[in-house]
1. Six or more apart or on different chains, Cβ under 7 Å: which pairs go from a residue in region B:37-57 that's among the acidic types (Asp, Glu) to one that's assigned to a loop (DSSP other than H, G, I, E, B) and open to solvent by 30 Å² or more (accessible area, probe 1.4 Å)? Could you list them?
2. Looking at region B:97-114, I want the residues that are in contact (Cβ under 8 Å) with a residue 40 or more places away in the chain and have a partner that is in a helix (DSSP H, G or I) and open to solvent by less than 10 Å² (accessible area, probe 1.4 Å) with Cβ atoms under 6 Å, at least 6 apart or on another chain. Which pairs are those?
3. Output the residues belonging to region A:12-24 that are touching a residue at least 40 places away in the same chain (Cβ under 8 Å) and either of a type outside the set (D, E, K, R) or more than 14 Å from every other protein chain (Cβ to nearest Cβ) (or both).
4. Considering every residue within region B:259-269, establish whether at least one is assigned to a helix (DSSP H, G or I) and among the hydroxyl-bearing types (Ser, Thr, Tyr).
5. I'm trying to understand the selection: among the residues of region B:230-283, which are in contact with a Gly (Cβ under 9 Å, 6 or more places away or on another chain) and not β-branched (Val, Ile, Thr)?
6. Which of the residues that make up region A:193-219 are part of a helix (DSSP H, G or I), in contact (Cβ under 8 Å) with a residue 40 or more places away in the chain and open to solvent by 30 Å² or more (accessible area, probe 1.4 Å)?
7. Report every pair of residues separated by at least 6 positions or lying on different chains whose Cβ atoms are under 6 Å apart, first residue within region A:266-283 and under 18 Å from residue A:223 (Cα atoms) and aromatic (Phe, Trp, Tyr), second outside any helix (DSSP H, G or I) and open to solvent by less than 20 Å² (accessible area, probe 1.4 Å).
8. Are there any pairs, at least 6 apart or on different chains, whose C-beta atoms fall under 6 Å, with the first in region B:221-250 and within 19 Å of residue B:58 (Cβ to Cβ) and the second among the charged types (D, E, K, R) and open to solvent by less than 30 Å² (accessible area, probe 1.4 Å), and if so, which?
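The values are calculated or read from the model by the stated rules, or taken from the named source; none is laboratory data. Here the structure is a predicted model, which means the values were calculated and not measured. Note: ideal-geometry Cβ built from the backbone for every residue, glycine included; neighbour counts use all protein chains shown. Side chains are part of the model used for accessible areas, which takes the heavy atoms of the whole protein and leaves out ligands, DNA and RNA. Shrake-Rupley method; radii C 1.70, N 1.55, O 1.52, S 1.80 Å.
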Protein chains: 2
Amino acid sequence: MNKQQLIAQIQEKRSFLCVGLDTDITKLPAHLQQHPDAAYEFNKAIIDATKDHCVSYKINTAFYESMGLKGWEIMERTLAYIPKTHLSIADAKRGDIGNTAAQYAKTFFEVLPFDAVTVAPYMGEDSVRPFLEYDNKWAIVLGLTSNKGSNDFQRLMVQHAADDTALLPHIVAPNRPRALYEEVLTKVAAWGSTDNLMFVIGATQASQLQDIRSIIPDHFLLVPGVGAQGGSLEEVAKYGKNKDCGLLVNASRAVIYAATDETFAEAAARAAKDYQVEMSSYL
Amino acid sequence: MNKQQLIAQIQEKRSFLCVGLDTDITKLPAHLQQHPDAAYEFNKAIIDATKDHCVSYKINTAFYESMGLKGWEIMERTLAYIPKTHLSIADAKRGDIGNTAAQYAKTFFEVLPFDAVTVAPYMGEDSVRPFLEYDNKWAIVLGLTSNKGSNDFQRLMVQHAADDTALLPHIVAPNRPRALYEEVLTKVAAWGSTDNLMFVIGATQASQLQDIRSIIPDHFLLVPGVGAQGGSLEEVAKYGKNKDCGLLVNASRAVIYAATDETFAEAAARAAKDYQVEMSSYL
């Protein structure tokens, strides 16, 4: 999926919601637990219930890998069931040296034909590049995450090149002290374009979105942490939106576990619709 | 596997070699390419040929994931074939928020019963902790990697707390400027112990090993980058060895692709034996 198609979806649906399929087999509604294909049936029902209110689905690969072979197979079928109109994201946070990163890109863009995959930046340029070599596919690189651990390294102040205005001419204050996550945004942005690169920016950090937008004004941001993790959608929209919208706000638990009985799909539809209605007011 | 068992293996075999099973289906010997179970047969032959010369096997998950479902199944069988005397490592470089990290720990310690898994530090403490909650299992956290991209972020100088001697009392010069990877080693070391935590330190950076040992004198280091990537085993041993040996040096391509014809297994045995003989002289 390319950027124009994504923007068109957002405008048509008046939504920038991404529904996270963090499907935990132990949290499924009781009546589904005995189903031989419970996780897939659950995902299918969630997708049917929410697809009119969202523009993207994010599959958290950890929840499928932890089911073993069967989980990998459920991930394949779930991906196949996601409508082609919706941006499909493998939330896999892969990151390794060049030749290995190329294998991961093959995994999540060819073997499993996702539109996008999340990537960890710690290993640098050759670990990200292979994900940028596919047409109409996206690397979504971790910038500032929504968890407590983001304080441990991402917010450390770093020394950086004295003048990097050449790298990013639009940057507001190139020589001010910069946190590691800002250095990540600055450097990684130079490796790709707004057509093949997005960033993960946790919603619990909405106040930082203004500074972040001074570094990457035009990129799409994947924003987790709204809902169960406590981030404010209003603040995210206020500080993070750009001319293309430029936001995909993810909600996982708040949608897929909105109810945990037979009404789970209707409850998920209502939760997704509530997000869509609120998002509509910010567009 | 616990630390005493690992040390005993190293002493008995006079080797600290880890063989990396980066099994690329396109690089297998021609006579195996048509075999219906080529990758597994290759791994089995490599393990049989090298097990007397090494103490560990490292499965690079990317190469298996890129084969899809079948690859995941080959990874399961290969892991089952690795002798229990050898430390089995999932080189998966996972890293995500706490509840997701717990799913990854379950994947690589329970569903696939590896002894150890590599973990990326960018997301901080709650992304690492779940891997430290298993008895006789290991998290191997990325410190300084062997690729060119390690210059992009890992070597950035960071500002850190003025006095962290309380954190690591043995540290030589707590207040000197510190690179990000040194900050990672310092902080992560405080989250676990030398019984459940190792670090990845790329061999192409052997000259830094002295400084690294001033931060983490007692931890085992997993050292990739010897062989195909050009690191020197002699330098790694000289600067990196501690009282327990404290090293696992990984060779992947230099062993498993030592020959690419019918003699591949004998060639792998010779390459592994050559490493073992050289390692013996450094112990």
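1. What qualifies is B:41/B:35.
2. Once the first residue is in contact (Cβ under 8 Å) with a residue 40 or more places away in the chain and sits in region B:97-114, its partners that are in a helix (DSSP H, G or I) and open to solvent by less than 10 Å² (accessible area, probe 1.4 Å) give B:114/B:108.
3. Here is the first cut: in region A:12-24, the residues touching a residue at least 40 places away in the same chain (Cβ under 8 Å) are A:13-23.
Hits for region A:12-24 are A:13, A:14, A:15, A:16, A:17, A:18, A:19, A:20, A:21, A:23.
4. Within region B:259-269, none of the residues are assigned to a helix (DSSP H, G or I) and among the hydroxyl-bearing types (Ser, Thr, Tyr).
5. B:231, B:233, B:240, B:246, B:247, B:250, B:251, B:252, B:253, B:254, B:271, B:275
6. First, pick out the residues of region A:193-219 that are part of a helix (DSSP H, G or I): A:203-215.
Narrowing the set further to residues that are in contact (Cβ under 8 Å) with a residue 40 or more places away in the chain leaves A:203-205, A:208, A:212, A:214-215.
If the condition is that a residue be part of a helix (DSSP H, G or I), in contact (Cβ under 8 Å) with a residue 40 or more places away in the chain and open to solvent by 30 Å² or more (accessible area, probe 1.4 Å), then A:204, A:208 are the ones that fit.
7. Here the result reads A:275/A:17, each pair linking region A:266-283 to a residue that is outside any helix (DSSP H, G or I) and open to solvent by less than 20 Å² (accessible area, probe 1.4 Å).
8. B:250/B:58
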